[in-house]
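First the structure, in the form of structure tokens, and then the observations on it.
Here, each number is a calculation from the coordinates, and none is a lab measurement. Remember, predicted model here, so these are calculated numbers, not experimental data. For neighbour counting, all protein chains shown are included, and Cβ atoms are generated from backbone atoms with ideal geometry for every residue, glycine included.
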Amino acid sequence: MKPSQEKVTLNIGGVRYKTYVDTLRALPGTKLCRLTEPQACGTFDYDPIAREFFFDRDAAVFDEVLNYYRTRRLHCPALICRSVLEEELAYWELRNVTLAPCCSRRLTAAEERQGACDLWDHEEKQHEGQDLGVWRGGGRADWRTRWQPKIWSSWKTPVPA
């Protein structure tokens, strides 16, 4: 069998992936690249009967990790936050990886929305049990006057190209 056609099977959280050894060797110094070394079967969780390596990790994120080895473009699954993605990249020993612009914009927008929600939750907890018009040291404040600037400041207007 030609070395470029040699395959390896990875079981990631119960999902099996089969890829070329050369694909894993594309990024030297990473955990997946070390799977191609002769001592890998003794170093990692290898099942000789199934002939596969097992990793108890998130398969949805691993799809993108393996795709990065193939394309050098990192994307992030829709329901995964930046911190989970960064944790997985660290586990697989992928350093200095830049997220594709499409996913970077989506995650940044999601973080900004979450920040606005966190602000709202904090304010609600701070004034829990009070009437909306009684905030600010017992004085009456119009709800719109109080919240409109905070809501508007959390929105970003796209700049025309």
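What shape does region 50-109 take by its C-alpha gyration tensor, where a ≥ b ≥ c are the square roots of the eigenvalues and a/c under 1.5 counts as rounded, a/b above b/c as prolate, and the rest as oblate?
Prolate shape, in that a/c is at least 1.5 and a/b is the bigger ratio.
Explain nothing, just compute: Karplus ³J(HN,Hα) = 6.51 cos²θ - 1.76 cosθ + 1.60, θ = phi - 60°, for every residue of region 31-46 in order, whole Hz, x for Gly and Pro.
4, 5, 5, 5, 5, 8, 7, x, 7, 4, 4, x, 8, 9, 6, 10
Return the sequence-ordered ³J(HN,Hα) values of region 86-91 in whole Hz as given by the Karplus equation 6.51 cos²θ - 1.76 cosθ + 1.60 applied to θ = phi - 60°, using x for Gly and Pro.
4, 5, 5, 4, 5, 4
For a quick check of your reading of the filter: which GluC sites (Glu not before Pro) in region 1-74 sit in a DSSP loop and have no more than 15 other Cβ atoms within 10 Å?
Hits after loop and neighbour filter: GLU6.
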